[in-house]
Structures are given as structure tokens and as C-alpha cells.
Amino acid sequence: MGNQVIKLSATAQEELIASYRAHSVNPPPHARFSAKTPQCVITVYNSGKVMFQGRDADTEAAKWGTSIKKEPSVPKNVLPEGFSDWSVIGSDEVGKGDYFGPLVVVAAYVPKEKIALVKELGVKDSKLLSDTEIVRIAKDLHVTITYQKATLHNPAYNKMQRTMTQGKMTAVAHNAALSALLQKLDATPDAILIDQFAEKNIYYNHLRSEKAVVKDDVYFSTKAEGLHVAVAAASILARALFLKEMDKLSATLGVTLPKGAGAKVDQVAADLILRYGQSRLNEVAKVHFANTKKAIRLSELKR
């Protein structure tokens, strides 16, 4: 039986956990997560180490990083001095942790001469804004800056998820939005900043099959919304688009779809199964989440 151990950042751990959530089992002591697939057992320990055991241990581990015995990767989150005043494309995604609704990525360009104006519109870390404020600010951004969205609606998301991890789908969507935005622009940005959801080497590994990959002057950083206003603008626009799609789905189903992936989501999903059948979830939800199994059990108890 193969055995591989790698060390992942908190961001990469969350991506891995989301990818294997459908296969989750009770974790052993000192571990925060464990999953069991037909060929491999994956365990995420509190220390940040991830152990892969089983026939496909080497293959699965290679998707996420290299052995901790090897040379560590180049330090991340290092931006040049004065970066916040550069003309930058920021890229961020929304909906990755929500059971209902699509995955939305937005790449937004804020040239240095518009930085002050964008801040004046109220752009800041989207987590500090209410949904009402986000929708209002997004309307102003729509006519102020150039941006590009890439939306994976639930049917397409679920089809892609059969052969891709969520991390790979997110990387593909970021690359698509960035590529399309660069084609729109007359100017050349000083840099591109992606709100980091995966290690740089993992991100580009996800894109190895893509025909065109944006690589020039690309930086990655966690908490990037606070490092350049372009990322904050992208996050707000993505959130507004996600909310709009959630409203559309809710209107179609005749029920307000909750955000997130908590117990309320399980209850609403169970009610939808009873009303429309389990297949309807494929149109409105990310069915690989553990919520699907919970909703099925709840719907059976309600029959």
C-alpha cells in the first residue's frame, strides 16, 4: 500500500477538503478531516500535513503538492513595493462554498488613474459589506471599470465535476475570465492579482490542458482584497452576480434558496426533492456536496 505525506497551506487544505467532501469519514485523533475513496484514504492533520494511503496514494498526492522531504516552494504572498498604486487586474470567485447557485469568477481591471474613484464608490473587502451595499456598489462599478465574468451554472458545474476537482474548475474559470478581459483591454495592466485559492504550482497544474494560459505578471496572495482595490472590485461584482443568479433560481423554484452549506440548506434541499424529485437538484445545486446525501435522508424521513 502506498503512503505519501505532503504539507499544505490553510488555503490549499480547504480546497482539498472541498474536493473530497463527498467521501468524508470520521477523522482519526489529531486530524481535522478524513476521506475514503475506492483507491485512497486522505487525512488532513491539524499540523497541516496531509497523508495519502492506498493504491493511488502517489497519484492523488501529486495533484496537490510534493513530498515534504523535497525542497520547499518559493515563498508566496510577496508583492512589489507600491503594488497597491499599480494598474492591476484583480480576480476573485464567489459561490465555491455555497451548495445552491453557480460558481462565479470575475476579473476586473482598475487602472491607477481610477483607483481613487473606485475607492470613493465604497469598494472595500466584500466581507465588510451587506448584500444590499454590494448590489449598489456593483451597479456603479459596472459603468466605471472594465471587467469579465466566467459563470459555471449548476448543470455545467456538475458535469465538469465528474472529471475535475472543484479547484481545477475554479482555476479554469479564473483563466477564462482573465483571458477574455485581456482581449477587451486596449491598455496593458502592470500586473494581475488572483485571490489565492490554491498554491501557484497547483493552480498552473490545473491548467496544463488549457490551450491558452495567462501567466505574464501574475501574482497570487491570500486576503488579496486588502492588497489592491481591483481584487475588492472583482469580489463585489462576483458577489452581486451570484446574488442575481440565486434570486433567479429562487423565483423559478418558488422558494428562497439559502446561502452556504449548513443545516438550513439540507432542509430546503430535502423539500425540493419531495416537490420536484432528486434530479432537479442538478439544475440548482452543487450535488457533490455532502448536503445532497443529507437531504436525501431527510426527504425519506418526511415521506
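Data for the structure
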{"quantity": "Rg(Cα)/(2.2 N^0.38 Å) for the range 83-248, N = residue count", "calculated": "0.97"}
{"quantity": "Percent of Cα pairs exceeding the 12 Å cut-off, where the set is the range 261-302", "calculated": "48 percent"}
{"quantity": "The range 2-62 - Rg over Rh from alpha carbon coordinates, Kirkwood radius", "calculated": "0.91"}
{"quantity": "Karplus-derived HN-Hα couplings along the range 272-278 (A = 6.51, B = -1.76, C = 1.60, θ = phi - 60°), whole Hz, x at Gly and Pro", "calculated": "5, 4, 5, 7, 10, x, 4"}
{"quantity": "Max mean-square fluctuation residue, GNM over the chain, Cα-Cα springs under 10 Å, options Ala35, Ala290, Ala212", "calculated": "Ala212"}
{"quantity": "Among 96-108, 21-33, the order from most to least packed when residues are scored by Cβ within 10 Å on average", "calculated": "96-108, 21-33"}
{"quantity": "About the Cα centre, charge dipole magnitude for the range 83-248 (Lys/Arg +1, Asp/Glu -1 at Cβ), debye", "calculated": "520 debye"}
{"quantity": "Neighbour net charge for Val265 - beta-carbon separation under 10 angstrom, K R +1, D E -1", "calculated": "+1"}
{"quantity": "Fraction of beta bridges assigned by DSSP in the chain that are antiparallel (%, nearest 5)", "calculated": "80 percent"}
{"quantity": "Eligible lysines near Lys49 by straight Cα distance, threshold 19 Å, same-chain separation 8 or greater", "calculated": "Lys7, Lys36, Lys63, Lys69, Lys70, Lys76, Lys200"}
{"quantity": "Kirkwood hydrodynamic radius of the chain, from inverse mean 1/r over distinct Cα pairs, in Å", "calculated": "20.4 Å"}
{"quantity": "Vicinal HN-Hα couplings computed from phi for the range 258-271 (Karplus, 6.51 cos²θ - 1.76 cosθ + 1.60; Hz; Gly/Pro x)", "calculated": "x, 8, x, 9, x, 4, 4, 4, 4, 5, 5, 4, 4, 5"}
{"quantity": "Compactness of the range 194-258, expressed as Rg and Dmax over alpha-carbon positions, Å", "calculated": "16.2, 46"}
{"quantity": "Neighbour net charge for Pro28 - beta-carbon separation under 14 angstrom, K R +1, D E -1", "calculated": "+3"}
{"quantity": "Within a Gaussian network of the chain (alpha carbon springs, distance under 10 Å), most fluctuating of Glu113, Glu81, Glu93", "calculated": "Glu81"}
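Every number in this text was worked out from the coordinates using simple rules, so none of it is lab data. Being a predicted model, the structure only gives us computed values, none of them experimental. Counting neighbours? That spans all protein chains shown, and the Cβs are built from the backbone with ideal geometry, glycine included.
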